[in-house]
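What follows is a set of notes on a single structure, which appears directly below.
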Amino acid sequence: MKIEDFPKYRTPLKGVVWIVRLAFYGLVTLFALVFFGGRGGPLLMAHRSEASLEMGAITMASKDYAKEYGMLPPASENYRLFAFLSGDNPRKIEFVSLKKSQMNANREMIDPWGTPFRITFVSDSEIHVVSAGPDKIFGTSDDIPNE
């Protein structure tokens, strides 16, 4: 049998199916790498942004408290500060309100990874808030300080 004896038609659909399959698997692989791999994936960036926003809210609420009462809240310990900012103050003013997902069982304000924020009052008007970041350990390179 010679090559000329075979039918001269070729199914173009078969080639298209392979191209579609390759494109699909390529997109799935790219999606997995972007969303689940690497330090700079969108999910990590979203969590870092959320942590920054929450730290900004803590800072602003503390400063609003200072405007109202002439001084920062009497305590910077996370759970005590949250109590003062959420209405446990002389005028019962709620300076911040959080969803249950933003605090732990000890009523501490937590970052997107579930670690309580570290909050310190540096001076009468300066507040320092730090998230431990994705590794949940303070003092490592992935910590997120308020700017």
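The values are calculated or read from the model by the stated rules, or taken from the named source; none is laboratory data. As the structure is a computational prediction, the values presented were derived from the model and not from experiment. So basically every Cβ, Gly included, is an ideal-geometry build from the backbone, and we count neighbours across all protein chains shown.
Side notes on the structure shown:
- Any hit, segment 87-108, residues being surrounded by 17 or more Cβ atoms within 10 Å (Cβ to Cβ) and among the small types (Gly, Ala, Ser): no
- Residue tally, condition touching a residue at least 40 places away in the same chain (Cβ under 8 Å) and surrounded by fewer than 15 Cβ atoms within 10 Å (Cβ to Cβ), over segment 60-76: 1
- Tally, over segment 110-130, of residues that are out of contact with any Pro (no Cβ under 7 Å at 6 or more places or on another chain), among the aliphatic types (A, V, I, L, M) and surrounded by 12 or more Cβ atoms within 10 Å (Cβ to Cβ): 3
- Inside segment 43-70, residues that are among the hydroxyl-bearing types (Ser, Thr, Tyr) and either touching a helix residue (DSSP H, G or I) at 6+ places or on another chain (Cβ under 9 Å) or not assigned by TED's automatic domain parsing to the domain that holds Gln102 (or both) make up a count of 2.
- Options Phe117, Phe121; residue that is more than 13 Å from the chain's Cα centre (by Cα) and aromatic (Phe, Trp, Tyr): Phe121
- Gly133 meets each of the listed conditions (1) within 22 Å of the chain's Cα centre (by Cα); (2) surrounded by 15 or more Cβ atoms within 10 Å (Cβ to Cβ); (3) part of a helix (DSSP H, G or I) apart from (3).
- Cβ-Cβ distances below 9 Å connect the following pairs, each with a first residue in segment 33-59 that is among the β-branched types (Val, Ile, Thr) and surrounded by 11 or more Cβ atoms within 10 Å (Cβ to Cβ), a second residue that is modelled with pLDDT under 90 and assigned to a helix (DSSP H, G or I), and a separation of six or more residues or different chains: Val34/Pro42; Val34/Leu43.
- Neighbours by Cβ (under 6 Å, 6+ apart or cross-chain): first from segment 117-129, under 11 Å from Lys63 (Cβ atoms); second charged (D, E, K, R) and not in a loop (DSSP other than H, G, I, E, B): none
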